[in-house]
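One structure is given below, encoded as structure tokens.
The values are calculated or read from the model by the stated rules, or taken from the named source; none is laboratory data. As the structure is a computational prediction, the values presented were derived from the model and not from experiment. We place every Cβ from the backbone using ideal geometry, glycine too, and count neighbours over all the protein chains shown.
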Amino acid sequence: MNKLELQRTANEVRKGIIEAVHAARAGHPGGSLSAADLFTYLYFEEMNIDPENPKMEDRDRFVLSKGHTAPGLYAALAIRGYFPKEDLKTLRHTGSYLQGHPDMKHIPGVDMSSGSLGQGISAAVGMALAGKMDKKNYRVYTLLGDGEIEEGQVWEAAMFAGHRKLDNLVVIVDNNGLQIDGPVDEVCSPYPIGDKFAAFNFHVISVADGNNFDQLKAAFDEARQTKGKPTAIVMKTVKGKGVSYMENNVDWHGKAPNDAEYAIAMEELEKAGEALWQK
Amino acid sequence: MAEVKKIATRESYGNALAKLGKKYSNLVVLDADLAGATKTSVFRKAFPERHIDCGIAESNMMGIAAGLSTTGKVPFASTFAMFAAGRAFEQVRNSIGYPHLNVKIGATHAGISVGEDGATHQCNEDIALMRTIPGMVVINPSDDVEAKAAVEAAYLHEGPVYLRFGRLAVPVINDNPDYKFEIGKGIVLREGKDVTIFATGLCVSASLEAAGKLAASGIEAKVINIHTIKPLDEELVIKSALETGLVVTVEEHSVIGGLGSAVCDVLSEKAPVRVKKIGIEDVFGESGPAAELLAKYGLDGDGIAAKIEEFVAGQSR
């Protein structure tokens, strides 16, 4: 996909997030929106996958370690063709397969159940290790929150990945700067993030704007060229990106818009979409 | 009389892994800096490329095992019971149990027979923790023969399995041609009409010893080896309870939540009889040689026999 197509797709992903979270009357829009461009880039450009064959043996894998942003992942998967887009409106409903956090047993395209913070990265490391042991070429991607990396298990996993030189692994940190209790540097600062991963023998790439596809492309291309080390991409993003009243507002970490707020959000995203189609 | 052969079930674990590694190329072993103690070092010697030392990071080890299993490997994640079931409980629940991944957890050094290391390393809570996880199989083998059979059965079972092994060398009691291990099937080792003893792990041989002592006092105890605590052999538990009317459970584990509780769960609903739970009372362990601790906490043959005698006598009063 070219940049414009990616932007249009990401806007559709954002609409899917708002639709899903609004219909669920619960969920996590802020961190889903900050990572919407990342989900789009991975599933529409970067990863070797097949929606017709979600369990294709040598596919690239993605683990959403920050599992609460499932609405973003689900919207990307639906638009990519893993399951019907209409199903997004069943998110978090009793009996729906679209669980509040990723569930690999029931959702096509989900490579790992996740959501208890700090655990997804370890599973991703296990997948990358298996790839190395079996001399496969697939790559493994995992997305973490900047609050999530306060979990100690993240650094156990990082130490192992660095030690084992898993250059088929890309750890992405969504540095939107906010966690439930406030700004990450006020709650319990994880900074400097890049230096920490570098200390664990990662190749570190800092992305100044993780909501910019040129910058994402440059980062993932560099990661692909990196040999002998796992890569950490620390991308600065805007929490709530794309919905004006949600942007950089911690209140929208884990809250659904009411009907009036939903209408405003969808109107903004429709307008953004129209502008992209006029380009 | 010849000296009874004694082998620690952790030795059996290491030996079984090394043997199975030859047969099954997708079997991989993980450890957390305890390979010499868990005996996965035996596997490492034979298959160094399939032995993954994760360092002292059990939570991460469970996650790595989960990730490996999604690619078709069958990982045996190995560490002490305290760290497998205790420290990494939530990783086992959420990263292995919830997605029902094909990961086997080899937990050694269970119970107070860890000995000198003391309470911090004596896990008397692991059976309770593991059996609450939906879909988890919990196996506590009684000797070398059973432990080896259990490791292969765990490999062949699709889904998560918790295997509990001990540090202390224990008598080999299942070395007979008729022995057959089947997940979820208890084994009657001795017939008796007065009381049924359901025992697990290293308490099985001690319970057989106790039954011999009880016979001398005129009490005929039926002894059943419950190597699989989950799924429990409900049919055998109910049938035996109805036959003898009195039930005793014996385990090197807290009386809260282990085999005793599992048996009571079934009997209270389906065949209410009096049950005496013998195990570690609601206390932490302490340092000391294993055999001395087992005696002090009433889990040797004499201790078990004394408690059962008192229990049986109490019923006829």
Quiz prompt | Matching option when the condition is within 21 Å of the chain's Cα centre (by Cα), within 26 Å of A:TRP155 (Cβ to Cβ) and hydrophobic (A, V, I, L, M, F, W, C), among B:LEU17, B:LEU30 | solution = B:LEU30
Quiz item: Out of (1) in a helix (DSSP H, G or I); (2) closer than 30 Å to B:THR120 by Cα, what's the single condition that is false for B:ALA215?
Solution: (2)
Quiz item: For A:ASP185, which of the numbered conditions (1) loosely packed, with under 14 Cβ neighbours inside 10 Å; (2) of a type in the set (D, E, K, R); (3) touching a helix residue (DSSP H, G or I) at 6+ places or on another chain (Cβ under 7 Å) fails to hold?
Solution: (3)
Practice problem: Within the stretch A:201-238, count every residue that is in a strand (DSSP E or B) and either within 20 Å of A:LYS3 (Cα to Cα) or among the hydroxyl-bearing types (Ser, Thr, Tyr) (or both). | Solution: 6
Exercise. Could you tell me whether any residue of the stretch A:71-80 is in contact with a strand residue (DSSP E or B) (Cβ under 6 Å, 6 or more places away or on another chain), more than 14 Å from chain B (Cβ to nearest Cβ) and not hydrophobic (A, V, I, L, M, F, W, C)?
Key: no
Quiz item: Scanning for something over 15 Å from A:PRO230 (Cβ atoms), more than 10 Å from chain B (Cβ to nearest Cβ), surrounded by 24 or more Cβ atoms within 10 Å (Cβ to Cβ) and in contact (Cβ under 8 Å) with a residue 60 or more places away in the chain, does the stretch A:151-174 turn up at least one residue?
Solution: yes
Quiz item: Residue check, A:GLY182 against (1) on the phi > 0 side of the Ramachandran plot; (2) free of Cβ contacts under 8 Å to residues at least 40 places away in the same chain, all met but one. Which one?
Solution: (2)
Quiz item: Out of the stretch A:26-43, which residues are more than 16 Å from A:MET266 (Cβ to Cβ) and either crowded, with 18+ Cβ neighbours inside 10 Å or among the charged types (D, E, K, R) (or both)?
Solution: A:HIS28, A:GLY30, A:GLY31, A:SER34, A:ALA35, A:ASP37, A:LEU38, A:PHE39, A:THR40, A:TYR41, A:LEU42, A:TYR43
Exercise. Name the single residue, out of those in the stretch A:118-136 being facing chain B (nearest Cβ under 7 Å) and of a type in the set (Gly, Ala, Ser), that is farthest from A:GLY67 (Cα to Cα).
Key: A:ALA130
Quiz item: Of all residues in the stretch A:83-98 being part of a loop (DSSP other than H, G, I, E, B) and surrounded by fewer than 20 Cβ atoms within 10 Å (Cβ to Cβ), which is nearest to the other protein chains (Cβ to nearest Cβ)?
Solution: A:TYR97
Quiz item: Looking at the stretch A:214-245, which of its residues are within 27 Å of A:ALA20 (Cβ to Cβ) and over 18 Å from the mean Cα position of the chain (by Cα)?
Solution: A:SER244, A:TYR245
Quiz item: Any idea which of (1) more than 14 Å from every other protein chain (Cβ to nearest Cβ); (2) surrounded by 19 or more Cβ atoms within 10 Å (Cβ to Cβ); (3) within 22 Å of B:GLY97 (Cβ to Cβ) is the one A:SER65 doesn't satisfy?
Solution: (1)
Exercise. Report, by residue number, each residue of the stretch B:174-199 that is in contact with a Pro (Cβ under 9 Å, 6 or more places away or on another chain) and β-branched (Val, Ile, Thr).
Key: B:ILE183
Quiz prompt | Residue within the stretch B:45-57 that is more than 22 Å from A:LYS165 (Cβ to Cβ), under 24 Å from the mean Cα position of the chain (by Cα) and more than 8 Å from chain A (Cβ to nearest Cβ) present | solution = no
Practice problem: Answer yes or no as to whether B:GLU252 is modelled with pLDDT of 95 or more and either surrounded by 20 or more Cβ atoms within 10 Å (Cβ to Cβ) or not charged (D, E, K, R) (or both). | Solution: yes
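Residue by residue, here is whether (1) out of contact with any strand residue (DSSP E or B) (no Cβ under 7 Å at 6 or more places or on another chain); (2) acidic (Asp, Glu) holds:
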| residue | (1), (2) |
| --- | --- |
| B:ASN176 | yes, no |
| B:ASP194 | no, yes |
| B:LYS213 | yes, no |
| B:GLU235 | yes, yes |
| B:VAL250 | no, no |
| B:ILE256 | yes, no |
Practice problem: Write out, first by first residue and then by second, each pair whose Cβ atoms fall under 9 Å of each other, whose residues are 6+ apart or on separate chains, and whose first residue, in the stretch A:45-56, is in a loop (DSSP other than H, G, I, E, B) while the second is surrounded by fewer than 16 Cβ atoms within 10 Å (Cβ to Cβ) and small (Gly, Ala, Ser). | Solution: A:PRO51/A:GLY81; A:GLU52/A:GLY81
Quiz item: A:ARG59: away from chain B (no Cβ under 11 Å) and either surrounded by fewer than 24 Cβ atoms within 10 Å (Cβ to Cβ) or not in a helix (DSSP H, G or I) (or both), yes or no?
Solution: no
Quiz item: Within the stretch B:14-24, is even one residue surrounded by 23 or more Cβ atoms within 10 Å (Cβ to Cβ), in contact with a strand residue (DSSP E or B) (Cβ under 7 Å, 6 or more places away or on another chain) and away from chain A (no Cβ under 11 Å)?
Solution: yes
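What do you reckon, is A:GLY115 at positive phi, touching a residue at least 40 places away in the same chain (Cβ under 8 Å) and at the interface with another protein chain (Cβ under 8 Å from one of its Cβ atoms)?
It is true that A:GLY115 is at positive phi, touching a residue at least 40 places away in the same chain (Cβ under 8 Å) and at the interface with another protein chain (Cβ under 8 Å from one of its Cβ atoms).
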Quiz item: Limited to the stretch B:58-92, what total is found for residues that are facing chain A (nearest Cβ under 10 Å) and either surrounded by fewer than 24 Cβ atoms within 10 Å (Cβ to Cβ) or more than 23 Å from the chain's Cα centre (by Cα) (or both)?
Solution: 11
Quiz item: Which condition number in (1) in a helix (DSSP H, G or I); (2) more than 30 Å from A:GLU151 (Cα to Cα) is the one that A:THR40 fails?
Solution: (2)
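Residues checked against (1) surrounded by fewer than 16 Cβ atoms within 10 Å (Cβ to Cβ); (2) among the hydrophobic types (A, V, I, L, M, F, W, C); (3) over 30 Å from A:ASP195 (Cα atoms); (4) modelled with pLDDT under 95:
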residue	(1), (2), (3), (4)
A:VAL238	no, yes, no, no
A:GLY242	no, no, no, no
A:GLU247	no, no, no, no
A:VAL250	no, yes, no, no
A:ALA256	no, yes, yes, no
A:ALA260	yes, yes, yes, no
A:ALA263	yes, yes, yes, no
A:LEU269	no, yes, yes, no
Practice problem: Kindly provide the set of residues from the stretch B:93-141 that are in contact with a Leu (Cβ under 7 Å, 6 or more places away or on another chain) and crowded, with 24+ Cβ neighbours inside 10 Å, ordered by number. | Solution: B:LYS104, B:ILE105, B:GLY106, B:ALA107, B:ILE112, B:SER113, B:ILE127, B:ILE139
Quiz item: Any idea which residue in the stretch B:93-120 is farthest from the other protein chains (Cβ to nearest Cβ), counting only those that are under 17 Å from the mean Cα position of the chain (by Cα) and of a type in the set (S, T, N, Q)?
Solution: B:SER113
